Amino acid sequence: MPEFLPFAGTRYADGGDLGAVAAPPYDVVDDHERIEFEAQSPHNAIRLILPQDESTAGDRYERAAKAFAEWKRTNILARDVTKRFYGYRMDFTAPTGELLHTVGVLGALTLPDVAGEGDILPHERTIPKAKSDRLDLLRATRANLDPIWGLSLTEGLTDLIDQTNEIAHCVDELGISHRLFAIDDATQQQAITDAVAKTPVVLADGHHRFETGIKYRSERSEPNAGADAIMAFVVELAEDQLCIQPIHRLVTVPPGFDVRASLADAFAITELTTHTGAESAMVLVDAAGLWLLTPNAAVVEAALATESPEVRDTDAAVVEHVIVGRWTDAQWVFRHDADEIVKLVRNGTYNAGLILRPPTVEVTRAASFARVRMPQKTTFFYPKPRTGMVFREFDAP
């Protein structure tokens, strides 16, 4: 079963409000946003997770390592004296306008020998991509700079996360409140470790960083307990703790290709004036407007026959099994902002877009218990934990 343990984190020594130094995860920051975060503080965590080359190609990793070391030497960062779990709470407004929260715990999740084996389970089928960037950064800094996100199937885990000893907080650019809590009591720590060990942990976010961690660990010729685990944000897979959004698609197709005509046998296509409130099916966006795609049951069900029953009702499965094969020469881009999808198609940046509906927590839970991977780019877990609230060094005792 999963082994989840406390660790002695490295944190900004002043604690308190980390608004000027915390940053989003590296993979949701574009170049313009990176520059903005760099401008907020010379010690913003973006300088560690997205360093830039200065004099030679590839020297960015060494620059990140030197900055990390210098911040520790000058007491910008300091290591906690004892091992602890870190409770983490996010309070936010959902796209529906509802006030929600997510409460989880940061700890060290022991890595399996091989990704996909044991009781740490991939959540989605992933798109292959180069992992050398994160691996090179890991080699240089010897630290987990941001956490992966795991979902625990253990009921009641949330109730074990003590939220009384706050040690850091911030409000991000989206108005989301992030709060970090120290969990030092040995009995509470053991209860969390035992709870996470009861059931599998499903990877919600960070599949590639997880695989990179395993590769880095396999490179070590000398024993290093730190490299045997990865910093993880573990949240109970429960309706009241998760906000799951869809990941939409943008598409570039060859000149003259009619995206609507290619789908005519698989869907009833009805014109819409807006995507807002279109909850009965996914929406196609093309140069002529917005179109509701209501599946032709016979065609779509036949195409989905090879898909696992737990995830057949997701729009991502329909895209993968019905649409991708019809748009064989298309180039795909993924975004989680539906308004941006409409804007980029209307201004001609892309030929078409697909606005998907979010999978439910129930579907996500059913797939997790069945050990079934969801189709690629099915879920966008919102919001994301902030980078810089705590780091995990491999050389820590």
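Which of the residues belonging to the range 198-220 are among the β-branched types (Val, Ile, Thr) and over 14 Å from the mean Cα position of the chain (by Cα)? Correct list: 199, 201, 212, 214. Going through (1) under 21 Å from residue 349 (Cβ atoms); (2) under 25 Å from the mean Cα position of the chain (by Cα) one by one, residue 320 falls short only on (1).
None of 299, 285 is buried (at least 16 other Cβ atoms within 10 Å of the Cβ) and touching a Phe, Trp or Tyr at 6+ places or on another chain (Cβ under 9 Å) except 285.
Listed here are the residues, each with its yes/no results for (1) farther than 25 Å from residue 106 by Cβ; (2) under 22 Å from the mean Cα position of the chain (by Cα).
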site: 222; (1), (2): yes, no
site: 226; (1), (2): no, no
site: 229; (1), (2): no, yes
site: 235; (1), (2): no, yes
site: 242; (1), (2): no, yes
site: 245; (1), (2): no, yes
site: 248; (1), (2): yes, yes
site: 256; (1), (2): yes, no
site: 263; (1), (2): yes, no
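Restricting attention to the range 343-366, the residues that are over 15 Å from residue 245 (Cα atoms), of a type in the set (Ser, Thr, Tyr) and surrounded by fewer than 19 Cβ atoms within 10 Å (Cβ to Cβ) add up to 1.
Determine whether the range 152-170 contains at least one residue that is without any contact (Cβ under 8 Å) to a residue 12 or more places away in the chain and surrounded by fewer than 22 Cβ atoms within 10 Å (Cβ to Cβ). Within the range 152-170, one or more residues are without any contact (Cβ under 8 Å) to a residue 12 or more places away in the chain and surrounded by fewer than 22 Cβ atoms within 10 Å (Cβ to Cβ). Taking the range 206-276 and the strands (runs of 3 or more DSSP E) fully enclosed by it, the elements with 3 or more residues that are surrounded by 21 or more Cβ atoms within 10 Å (Cβ to Cβ) and modelled with pLDDT of 95 or more are at 229-236, 248-252. Return the residues of the range 121-162 that are closer than 24 Å to residue 26 by Cα, part of a loop (DSSP other than H, G, I, E, B) and not aliphatic (A, V, I, L, M); say none if nothing qualifies. Those that are closer than 24 Å to residue 26 by Cα, part of a loop (DSSP other than H, G, I, E, B) and not aliphatic (A, V, I, L, M): 123, 125, 126, 128, 129, 131, 142, 146, 147. Checking each residue in the range 3-36 for being assigned to a loop (DSSP other than H, G, I, E, B), of a type outside the set (D, E, K, R) and on the phi < 0 side of the Ramachandran plot picks out 6, 8, 9, 13, 18, 19, 20, 21, 22, 24, 25, 29.
On the basis of being in contact with a Phe, Trp or Tyr (Cβ under 7 Å, 6 or more places away or on another chain) and more than 29 Å from residue 61 (Cα to Cα), does residue 161 make the cut? Even if it seems obvious, please write down each step before you answer.
Numbers: in contact with a Phe, Trp or Tyr (Cβ under 7 Å, 6 or more places away or on another chain): no; more than 29 Å from residue 61 (Cα to Cα): yes.
Criteria not met by residue 161.
Go through the residues of the range 344-358 one by one and say whether even a single one is assigned by TED's automatic domain parsing to the domain that holds residue 266, in a helix (DSSP H, G or I) and hydrophobic (A, V, I, L, M, F, W, C). Yes, the range 344-358 has at least one match. Filtered by the rule that a residue be of a type in the set (D, E, K, R) and modelled with pLDDT of 95 or more, the range 1-32 gives 3, 11, 17.
Taking first residues from the range 186-202 that are under 12 Å from residue 234 (Cα atoms) and partners that are of a type outside the set (D, E, K, R) and part of a helix (DSSP H, G or I), the Cβ contacts under 8 Å between residues at least 6 apart in sequence or on separate chains come to 192/160; 195/160; 200/368; 202/368.
The set of residues from the range 283-310 being over 22 Å from residue 335 (Cβ atoms) and assigned to a loop (DSSP other than H, G, I, E, B) comprises 296, 304, 305, 306, 307, 308.
For the residues 175, 118, the requirement of being among the small types (Gly, Ala, Ser), modelled with pLDDT of 95 or more, assigned to a loop (DSSP other than H, G, I, E, B) and surrounded by fewer than 21 Cβ atoms within 10 Å (Cβ to Cβ) singles out 175. Selection within the range 1-21: residues that are surrounded by fewer than 22 Cβ atoms within 10 Å (Cβ to Cβ) and touching a Cys at 6+ places or on another chain (Cβ under 7 Å). The member of this set that is nearest to residue 203 (Cα to Cα) is 19. The condition (being of a type outside the set (Phe, Trp, Tyr) and without any contact (Cβ under 8 Å) to a residue 24 or more places away in the chain) is satisfied by just one residue among 324, 333, 318, 363: 324.
Identify the single condition in (1) among the charged types (D, E, K, R); (2) touching a Leu at 6+ places or on another chain (Cβ under 7 Å); (3) exposed (fewer than 14 other Cβ atoms within 10 Å of the Cβ) that residue 34 does not satisfy, given that it satisfies every other one. Going through the list (1) among the charged types (D, E, K, R); (2) touching a Leu at 6+ places or on another chain (Cβ under 7 Å); (3) exposed (fewer than 14 other Cβ atoms within 10 Å of the Cβ), residue 34 breaks only (3). Could we say that residue 280 is of a type in the set (Gly, Ala, Ser), over 25 Å from residue 349 (Cβ atoms), part of a loop (DSSP other than H, G, I, E, B) and not assigned by TED's automatic domain parsing to the domain that holds residue 144 here? The answer is yes for residue 280.
Looking only at residues of the range 37-55 that are out of contact with any helix residue (DSSP H, G or I) (no Cβ under 7 Å at 6 or more places or on another chain) and in a loop (DSSP other than H, G, I, E, B), we find that the one that is surrounded by the most Cβ atoms within 10 Å (Cβ to Cβ) is 45.
The values are calculated or read from the model by the stated rules, or taken from the named source; none is laboratory data. Not measured: the values here are computed from a predicted model. So basically every Cβ, Gly included, is an ideal-geometry build from the backbone, and we count neighbours across all protein chains shown.
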